[in-house]
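Engineer: Below is one structure. I have some questions about it.
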Amino acid sequence: MSENKIQIFDTTLRDGEQVPGCKLNKEEKLVIARQLELLGVNVIEAGFPVSSPGDFEAVKAVGQQTKEATVCGLSRAVEEDIRVAADALQYARYPRIHTGIGTSELHVKYKLCSTQEKVMERAVAAVKLAKSFVEDVEFYAEDAGRTENEYLARICEAAIKAGAMVLNIPDTTGYCLPEEYGAKIKYLYENVKGIEKVSLSTHCHNDLGLATANSIAGVMNGARQIECTINGVGERAGNTALEEVVMILKQHPYLNLTTSVNSKLLTETSNLVSHMMRMPVQPNKAIVGANAFSHSSGIHQDGVIKHRATYEIIDPQEVGVNSSSIVLTARSGRAALAYRLQKLGYTFEKNVLDKAYASFLLVADRKKEVEDNDLHALVEQEKLVF
Ligand code: KIV
Ligand code: ZN
C-alpha cells in the first residue's frame with residue numbers, strides 16, 4: 001500500500017445509522033453497501049452485530065455480498081460482543097473486528113466506573129480475543145479527543161502489542177480544534193512504540209462543525225485512514241462527511257494524499273443514502289447539496305458565464321453533476337438573463353434585452369425563482385419576438 005494513500009472507512013451503516021428515525025433494514029443496508037463498494041471505499045462498517053438480531057443478519061449479509069472492500073463489525077470490549085461480531089463476519093472475504101473502550105477520564109470514571117489500569121486490561125483482552133478470530137483488528141479509544149495524550153499513548157501501545165492493526169482515535173464528542181487533533185495524532189506517532197507497524201485512523205464528530213477540518217488535520221499529521229459517512233449523517237450533529245474529505249484531498253493535490261473513491265459517483269450515492277434513510281440533504285451542504293453548484297447573484301452569474309473558475313473550485317462533473325446552474329432571481333443581472341434566454345433560443349439586441357430585463361425583474365420580485373416557462377411567457381406577453 002502506498003504511504004500516501006488514505007483508506008476511506010465508511011461508517012454510514014453503523015455510526016451513520018444511529019441517527020434517530022434513520023434505521024435501515026437488511027435489504028436497505030445491502031443496497032447501500034453495494035453502492036459504497038462501487039464508489040470505491042476501502043472499509044464498510046456494516047453494523048454492530050450484538051445490538052440486535054436484525055443488525056447481526058445485516059452485517060452477515062453485507063459480508064457475504066461484498067467482494068473487494070473490508071467488511072467491519074463493531075463491538076465493545078465485551079466478550080459476547082466480540083464473539084457475535086466474529087460470527088456475523090464469518091463469510092466476509094476481508095473481515096475486520098472493530099473493538100474498543102472509553103479512555104477519557106469522564107468515560108473511565110463515570111461511564112465505566114473503573115480505573116485507567118482496568119480499562120487498559122479490558123482493551124488488551126478485547127484485542128487479543130478479536131485477534132483469535134480475525135487477523136484484521138481495529139482498536140478504538142472512545143473519546144480520545146478528550147483523553148490526555150500520555151495515557152492514550154500507553155493504551156495504544158498496549159493495543160498494538162495485543163495485535164491491533166489499526167488504531168482509531170475518535171473525537172467522539174466533536175470537541176477538538178483541528179490544531180489540537182492534528183497534534184494528538186503527531187504525538188502518538190512520536191511516542192507510541194511499534195506505531196510504524198499499524199495505521200492511525202481519524203473518527204471525528206461534528207458537534208462544533210469541525211469534523212471535516214479535524215479529519216484533514218489528522219491525515220496531514222500522519223493518520224492514514226478516515227472514518228466518515230455519506231452526507232455526514234451520524235449521532236447528534238453527525239460524522240465527518242465522506243464527500244467532503246474526498247474532494248478536499250482531490251482539490252489539493254500538493255498534499256499528496258489520495259483515495260480510491262470514484263468522485264463521479266458521489267452525488268448519486270448521496271441521493272441514495274438520503275432517500276433510504278429518509279433524511280434530506282440541506283441545500284447548502286458542501287459538494288452534494290442542491291445549491292452546491294448553483295449561482296444566483298448577478299455578480300457571480302456574470303463571472304461564471306465569462307469563466308467558470310471565477311466562482312467554482314470544483315468542476316461539477318467531477319462529482320457527477322452535469323453542469324452548474326444559473327438560478328434566475330431578482331438578484332440576477334442582464335448577463336444571466338441573456339444567457340438563459342439564449343439557451344431557450346432567444347437572442348436580443350441590447351434595447352430589447354433592456355425591455356425584457358425590466359419585465360423580468362417584476363416577475364422575479366413576485367416569484368422566488370424565475371423558471372423557463374416564465375421566460376417563454378414573458379417573451380410572448382411583451383411581444384419581444386414576431
Ligand atoms: O464516536 C465514537 O467514538 C465511535 C466509536 C464507537 C468508534 O463511534
Ligand atoms: Zn462515532
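Quick note: the coordinates plus some simple rules give every number you see, no bench work behind them. Keep in mind that what you see is a predicted model, and the values were worked out from it rather than measured. FYI the Cβ positions are ideal-geometry reconstructions off the backbone, even for glycines, and counts take in every protein chain you see.
Engineer: Report the Cα centroid-to-centroid distance between the range 294-332 and the range 34-83 in angstrom, as an integer.
Structural biologist: Using only Cα atoms to place each centre, the spacing works out to 40 Å.
Engineer: Counting Lys and Arg as +1 and Asp and Glu as -1, what is the net charge of the other residues whose Cβ lies under 9 Å from the Cβ of THR259?
Structural biologist: Numbers: positive: LYS5, LYS250; negative: none.
With Lys, Arg at +1 and Asp, Glu at -1, the neighbours total +2.
Engineer: What percent antiparallel are the DSSP beta bridges of the chain, to the nearest 5? Don't skip to the end; give the middle numbers.
Structural biologist: Details: 2 of 41 bridges.
Within the chain, antiparallel bridges account for around 5 percent of the total.
Engineer: Let me ask something else about it. Aspartates and glutamates near LYS109 by alpha-carbon distance under 20 Å, same-chain residues fewer than 8 away left out - which ones?
Structural biologist: GLU117, GLU121, GLU142, ASP143, GLU148, GLU150, ASP171
Engineer: Which one of GLY194, PHE348, VAL319 is farthest out on the positive end of the charge dipole of the chain, using unit charges on Cβ (Lys, Arg +1; Asp, Glu -1) and the Cα centre as origin?
Structural biologist: PHE348
Engineer: Quick one: net charge around ILE326, please, counting Lys, Arg +1 and Asp, Glu -1 for every other residue with C-beta under 13 Å from its C-beta.
Structural biologist: Within the 13 Å Cβ shell, the charges total +1.
Engineer: Summing -39500 (n - 2.57) over the DSSP H runs of n ≥ 4 in the chain and dividing by its residue number, what mean residue ellipticity at 222 nm do you reach, to the nearest 500 deg cm²/dmol?
Structural biologist: Using -39500 (n - 2.57) per qualifying helix, the result is -13000 deg cm²/dmol.
Engineer: Once you keep just the Cα pairs under 8 angstrom separated by 6 or more residues, what percentage relative contact order results for the range 218-331? List each step's numbers first, then the result.
Structural biologist: Numbers: 122 pairs, mean separation 23.8, N = 114.
That works out to 21 percent.
Engineer: Each residue of the range 11-17 in turn: what ³J(HN,Hα) in whole Hz from Karplus with 6.51, -1.76, 1.60 and θ = phi - 60°, glycine and Pro shown as x?
Structural biologist: Computed from phi, the couplings for the range 11-17 are 10, 4, 7, 10, 5, x, 6 Hz.
Engineer: Taking the Cβ of LEU36 as the center, what net charge do the other residues with Cβ under 11 Å away carry, scoring Lys and Arg +1 and Asp and Glu -1? Walk me through the intermediate numbers first.
Structural biologist: On the way: positive: LYS29, ARG34; negative: ASP10, GLU37, GLU45, GLU68.
Summing Lys and Arg as +1 and Asp and Glu as -1 gives -2.
Engineer: State, as an integer percentage, the relative contact order of the chain based on alpha-carbon contacts under 8 Å between residues 6 or more apart. List each step's numbers first, then the result.
Structural biologist: On the way: 775 pairs, mean separation 51.1, N = 386.
Answer for the chain is 13 percent.
Engineer: Moving on to the next point. Hey, got a sec? Which GluC sites (Glu not before Pro) in the range 130-174 land in a DSSP loop and have at most 13 other Cβ atoms within 10 Å?
Structural biologist: Counting only loop positions with at most 13 other Cβ atoms within 10 Å, the GluC sites (Glu not before Pro) in the range 130-174 are GLU135, GLU148.
Engineer: With +1 on the Cβ of every Lys and Arg and -1 on the Cβ of every Asp and Glu, and nothing else charged, how large is the dipole of the range 7-277 about its Cα centre, in debye rounded to the nearest 20? Spell out each step's value before the answer.
Structural biologist: Values: 28 positive and 36 negative charges, 87 e Å.
Once rounded to the nearest 20, the dipole reads 420 debye.
Engineer: What are the aspartates and glutamates whose alpha-carbon lies under 16 Å from the alpha-carbon of LYS67, with same-chain residues fewer than 8 places away excluded?
Structural biologist: ASP10, GLU37, GLU45
Engineer: Now, a different point. Where in the range 252-312 are there trypsin sites (Lys or Arg not before Pro) that are in a DSSP coil and have at most 15 other Cβ atoms within 10 angstrom of their Cβ? Show your work: numbers first, answer last.
Structural biologist: Values: sites: LYS264, ARG278, LYS285, LYS306, ARG308; in loops: ARG278, LYS285.
For trypsin sites (Lys or Arg not before Pro) across the range 252-312 that sit outside H, G, I, E and B with at most 15 neighbouring Cβ atoms in 10 Å, the list reads ARG278.
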